[in-house]
Structures are given as structure tokens and as C-alpha cells.
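These notes are about the structure you will find just below.
The values are calculated or read from the model by the stated rules, or taken from the named source; none is laboratory data. What you see is a predicted model, and the numbers here were worked out from it, not measured in a lab. Positions of Cβ are backbone-derived with ideal geometry, glycine not excepted, and every protein chain shown enters the neighbour counts. Accessible surface is based on the protein model in full, side chains and every heavy atom, while ligands, DNA and RNA are left aside. Shrake-Rupley method; radii C 1.70, N 1.55, O 1.52, S 1.80 Å.
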Amino acid sequence: MSIQVRDQVFSLTTNDSLYQMKVDQYGILNHTWYGPKTEMDMSYIEDYPEISFSANLWDTEKSRMYSLNDRLLEYPCGGISDFREPALLLRVPDGSSSLDLRYYSYEILEGKYSIEKLPASFDRDHKTQTLKITLKDTVYDIFVDLLYGIFEEENVITRSVTIRNMTPFEIQVKKAVSASLDLPESDYEVIHFHGRHAMERLAERTSLSHGTFSIGSRRGQSSHQHNPGIILAKNNTNETSGEAYGMLLVYSGGFEADIEKDQLDQIRATIGLRSENFRWQLKPCEHFCAPEAILSYSEKGLGVLSNQYHDFIRSHLIRSSFVHQKRPILINNWEATYFDFNGEKLLSIAKSAHELGIELFVLDDGWFGERHNDDSSLGDWFVNEKKLQMPLRQLVEKIHALGMQFGLWIEPEMVSENSKLYRDHPNWVLRSPLRDPARSRYQLVLDMANPEVVDYLEQVFTKLIEENEIDYIKWDMNRSISDFYAPSLSPKTQSEMAHRYMLGVYDLADRLTSRFENILFEGCAGGGGRFDAGMLYYFPQYWCSDDTDAHNRCFIQHGTSFFYPISATGSHVSAIPNHQTGRNTSLYTRGIVAMAGTFGYELDLSELSPKEKEEVKEQIKVYKSMQELVLEGDYYRLSDPNQQNVSAWSFVSKDKKKIIVQAVVFEHKPNMKKPHVFLQGLDENRWYRRKEDGHLFTGKALMKAGLFLPDQLGTDEACMIELEQIDSKNREAQ
Ligand code: GLA
């Protein structure tokens, strides 16, 4: 049983972890443990001396030994003597923010809970149980349901929270994090993923000092700047050993993640939607659901932690049936043509792509309205037949006749001032009636909090997809939200706007992806500006970054891989000099880097030399032969490109029989030993044969002594080494 309740101790066990809570003598729900399985009541670790200036609960009478400010708490709320970062802040009927939550009841439910209107993980195999612990305020009928989904084999605990107002008064939710995690020690470092447009999810590891380390987004999207996931790793944790905790938010809007090191050197880590400027009104009998957070723990290093997330996201979060399917190799015309194309030009790109083995043609931005540059027509999702010189349907048919699939770019949430939609519905845009909104990429944002807008978009895109037999959709979002004012909401509820916007986006994504289950959706937000677990629920893959430079992609894809599976990471070979950096890398290197993702091309293939075309054909052959391993296998980071002269990674089949190592050596170092990497995830007692020359290695040797990479002249030189496990009995015969 993954949930055990004994003497008010709640123990949630997975294969390799124990998550434990205990109701104490005052009815406070303590968080007693998250870590390796210790097989006991862990509340003994909460043994505090008297600590001055830590206020004591009234109930403790004259004892000065018990303070909420010191204890490890499960869902701490502000206003009653815990001076640390609260998980929950409400405005209660007396006008204050004081809330005193005590244990009320619990329930064990078969199956995994879902969260209304929000993406959340699921369990199709019905192996998961849900624990619901209800807390209640001592004064008001305010109930807080803490929800836990226990995924035993996956080593994952999911969390969510519902706040129920059963008072006869209106209350406000000012902050409700999805998960709060108190840990008794502080020798942790935090790994987080920061960046900017075209340079997202760069891994940064930093030690914690006293006070609060904080990341987040106030952009109405999870953002390029900070990804909504944090890892707490013990100081000595590396890829292959040591303890690490992950907290990943299933949410695509503004968020905050705070890690506080308190006066007792304890840690409190919280993650949830952004509380700044957030106020959610709860009338009597209404409730509020916080998004989900996915927690995972490993004592075997960051590699295992990442694979736990990858497996979980693939099996229990991405709901599209494409998740376990081979994806078509695509050609996207964006970097090939930008806005400058007509139907014939597109067809010629598609034809040359088809000859090389490419299976899906994607028509990017510029096919609608009068969209000849980025200053017009968003919102006018009507085909520009004059520009295409043919109806879209005809273009699709011609592409289909080649034996290729057809994909289309859309940006549903946006509108250009120069558009019919804006002229017809100026009040459908996020803007205060008193101020002009900020433009970004010349565009404005639609009021997705308005159900009328969502209905309209559903109808427009349904028609477009149905009339044109589209096989793939790229859903883009090319700006951050700056004007948090929705004309559809009253002034009193403007502080709900950011979250209501996200609910509208999820609603539209839900409607379109449910209706068009056979269409492959790829998410995008100026590259990876909203690459998060919320979006992956609807879209099985996401365009990783607008930076297609193979060198930079090593860093971007390295950071992305800590939480997100490779099967979700859109990666393409583009032209040189690279359009973002001007760098020249070989076609081979560009191919290797793009193979660590859902593979495709984004350049004018007709400009390639015959030799390059042959190389593309070969790349496609290679990728197809390894695709299953890339999409379903384990993935290991074999180097830290920030620290080393090489970016290396490997794919290992679940049965540990097939291994592909790929690497990019940034710079040739003359008169030095060859670069080498230590493999991970092999069977140490088995023999592995290197395919290219038949050399045999034991798994242990490859993991402990490493594998040499070829010593090549040049910069950003890539390589790929295949190994396969051999039947030990036949070793002599090899
Ligand atoms: C964004 C995307 C690109 C491309 C352009 C089109 O920047 O990330 O891939 O689709 O928009 O405008």
C-alpha cells in the first residue's frame, strides 16, 4: 500500500521514497519527512529547544517549547506566528490574514484526483491512490483540502490544494502555493533554469544563504526567463550520486518559487502561481483549486531524478496519444522564407524535402490576412489566397499528394492592431480603459478570460482545420503579458485576470486537442517561452528555442533535459551561418544536436549541395533507426557544458541493451588527452560492443573508466557512438 495511516501519521511510500506527515497534539499537520524510506515515524526529528522570539501557540499555555515558527509544517499559513514564507494567505471575514488551520479529516480515494479546469497528471492504469487531508480554520468554516497523488513505481508524489469557503461571507485567496516542502537540513544547492528569448532554460546551480532565494515570472506566461521548476540537491550531489528533490509546477502562467533558509538552518521550498497582485474572490460555498506540483526524490543523483520526471511526464502527464508514437520528421519554412513565400515556393521546399525523406511540411507564420511582416493580421485567421496564389486546401492536397503531411502555424491568443478582428472587437484586448497598452512585437493580447473570445477562437480554428485537412498545428505565443486588465472582468476581479487568462488558454487548448485527437500539436512561445508541464499536458512536443545554433542548443537542451523528456523537445537543423548567432557548424554537428529531440529541418533544402543532400538523407535514416530509443529510452547527461569542453549525452534503452552516445566537443585542445565521458545507466556486469569497430567493454569500465571520444580538429565537432550489449556467453565468439 502506498498510503499508510497510523496514529495520525500519514506515510506515502513510493519505491524509493517516503513522504510523511503527522498531526501533533495541537492538531497541527507537521511535515515530518521526505527522503529515503526510513520505515518509521520520523517526528522525532522535530526536537526543538526553547527558541526566543519564536511565538508560542496559545494552546500550549505556559510552555515556551512549541512554536510554529520552528517546526516543519505541511501547509503553513500566515498570520499566526510562523514568520517564514507562507504557503497560504487568505483575507478572512474579520479583514485580517490570520488563519489557524488544524487537522479535520482524511480520505483515501482510489485513482488519481483531477483538478477542474486545470491540466493535471493522470493514471490510466488505475494503480494510483489519492490521499485527501482536510484542514479547517479554528474560527471560520474555511476548509483546505490537501491532495496527494502517489505514483509508487515512478517515485512521484503530486500535490494540489483546494480552498473551500463555507462561511456566509466572501473571503479572498491572496496566495495558495501548490506545494510547500519543509526540510530539516540546509546543506542544499538549488538548480534552476533561467534565460531569455532564444537562450532558455540555462541550468544554474547556486548555494543557499540565509533569507529567501526566489525565482518567478510576472509575465503572464511561465517565461523564457525562469522555468517553473526547481531542484534542491545536496551539496555533494552530482549526476550519478547524491540526494535531490524536484518540484515542478504544472502551470503555464506567472509563478513563484521561493526557497527560504531559516534561522535554524532549515529549508522551506514553495512553488505555486504568482501571488503578487493576485486576489481570488471566494463567495460563500465557492472554492479555489491551485495548480498541481510534481515532486520527486532520488538518492541516486540528478540523472535518476531527471529520468523519473521524463517517465512520469510521458506516461502520466502528456495526454496526447502521440506521446508514444514516432513523430514525423518535419520541414518548417520559417527560417527558409520568413514571410516571403507563395504556394509554388512552399511546394518546391516540400518537394525537395520529400525527396530526402522528410514526412511533414509545416507552413509557419504569414499565410493569413495581410501578414507580410510581423506588424499585421494576427487574429485574421483567413487564408491569403492571393499570396499563396492558390487556396490553402489546394496546397494541402498537393503536399498530401507527395505523400507528406501538412502542418500549420497559428497564434491564437494574439491580435494585431492592423487586423479586422481588432477593428471589430477592440474590447477583446487586454488593456485598461484608462491607459494605452504596451506593444510587444507590435502585437496585443486577447482577453482569454472572456469566454466569448475562447468560443470565437474555437470556432475559427475548428473551421480552418476541418476545411483544410491539417495534420499538425504549431501553437505559438509571441509576447509576454504586460497589461493585466481584462475588459470582460469587473474592476473588483481584475486581480483574478492573470489566472483567468490561463484558464481560458487551457480551455481552448482542451477543446481543440480533444476535438482533433489525430492532429499532432506542437507548442511554442517565441521558442521555449512557455515550455512547461502545463502546456505538455495538451501538446506532446514543444519548440525548444528560437535559437537553432547547434552550439547554443547544447546548453539550452542540457538545461531543458533536467525536467522535460527528449520526446517533448522540438529541435531542428537550420542553415549556416546561423540566423541567430552567425556561427558556422557542420551539417553533421547540426544533425547530431537536433537528433536529441523531435527531429526536423528549418532551412531551404533546395540550396544544399548534392553532397549535403546525401548527408541529410543519411541523417534521416540514422534518426529513424534511433527514434524509438530517443523517444522512449533513458536519457543521461554525460557532461556539464558549462564546466567542460564537451556537451555529451546518451540514450539507453530500458533493457540497457542499446546505447547511443552523442557529443559535441567545443574546441580541439592540441597535445591533450582525448576527450572522454563516463557512461551511465548500463549493466555493469555485461559486455558492450562498440558498433564501429567491435571493441568490447564491460559496463563497469564504460561507467568508471569512461569512453574516449574521437580527437577531431576544429570547433563544435560532433560524434555519435553506438554500443550494444552482447550475450556474455558468446563473448569468446566475438
Ligand atoms: C516565433 C516562433 C518561430 C516562428 C515565429 C513566426 O518566434 O518561435 O518559430 O514561428 O514566431 O513569427
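Descriptive notes on the structure:
A quick yes/no check of all residues on (1) touching a Ser or Thr at 6+ places or on another chain (Cβ under 6 Å); (2) away from the ligand (no atom under 13 Å from the Cβ); (3) free of Cβ contacts under 8 Å to residues at least 24 places away in the same chain:
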| residue | (1), (2), (3) |
| --- | --- |
| 329 | no, yes, no |
| 333 | no, no, no |
| 339 | no, no, no |
| 346 | no, yes, no |
| 362 | no, no, no |
| 371 | yes, no, no |
| 385 | no, yes, yes |
| 396 | no, yes, no |
| 399 | no, yes, no |
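- Close contacts from segment 300-311, counting a first residue that is without any contact (Cβ under 8 Å) to a residue 60 or more places away in the chain and a second that is open to solvent by less than 10 Å² (accessible area, probe 1.4 Å), with Cβ to Cβ under 7 Å and a gap of 6+ residues or different chains, come to 304/298.
- Residue selection: residue 27 satisfies the criterion of being out of contact with any Gly (no Cβ under 6 Å at 6 or more places or on another chain), within 30 Å of residue 280 (Cβ to Cβ), of a type in the set (Gly, Ala, Ser) and surrounded by 14 or more Cβ atoms within 10 Å (Cβ to Cβ).
- Lone unmet requirement of (1) out of contact with any Ser or Thr (no Cβ under 9 Å at 6 or more places or on another chain); (2) surrounded by fewer than 19 Cβ atoms within 10 Å (Cβ to Cβ) for residue 702: (2)
- Residue check for residue 305: crowded, with 18+ Cβ neighbours inside 10 Å, aliphatic (A, V, I, L, M), modelled with pLDDT of 95 or more and assigned to a helix (DSSP H, G or I): yes
- Criterion (of a type in the set (Lys, Arg) and either closer than 18 Å to residue 366 by Cα or under 26 Å from the mean Cα position of the chain (by Cα) (or both)) met by exactly one of 479, 439: 479
- Residues that are of a type in the set (Val, Ile, Thr), outside any strand (DSSP E or B) and either more than 20 Å from residue 510 (Cβ to Cβ) or open to solvent by 40 Å² or more (accessible area, probe 1.4 Å) (or both), drawn from segment 105-159: 128, 138, 139
- Filtering 376, 315, 321 for residues that are in contact with a Ser or Thr (Cβ under 7 Å, 6 or more places away or on another chain) and either assigned by TED's automatic domain parsing to the domain that holds residue 471 or open to solvent by 20 Å² or more (accessible area, probe 1.4 Å) (or both) leaves a single hit, 376.
- Selection within segment 604-628 - open to solvent by less than 20 Å² (accessible area, probe 1.4 Å) and either closer than 19 Å to residue 718 by Cα or among the basic types (Lys, Arg) (or both): 616, 619, 620, 623, 626, 627
- Filtered residues of segment 243-299 (kept if under 24 Å from residue 224 (Cβ atoms) and among the polar types (S, T, N, Q)): 252, 270, 275, 277
- Residues in segment 286-302 that are open to solvent by 10 Å² or more (accessible area, probe 1.4 Å) and farther than 26 Å from residue 651 by Cβ: 286, 287, 289.
- Selection count, segment 143-159, where residues are under 16 Å from residue 29 (Cα atoms) and either more than 29 Å from the chain's Cα centre (by Cα) or of a type outside the set (Val, Ile, Thr) (or both): 6
- Residue match in segment 350-357 (condition: of a type in the set (Ser, Thr, Tyr) and within 11 Å of the ligand (Cβ to nearest atom)): no
- Some residue of segment 568-581 being in the same structural domain as residue 599 (by TED's automatic domain parsing), β-branched (Val, Ile, Thr) and within 15 Å of the ligand (Cβ to nearest atom): yes
- Inclusion of residue 168 among residues that are crowded, with 23+ Cβ neighbours inside 10 Å, modelled with pLDDT of 95 or more and outside any strand (DSSP E or B) is not warranted.
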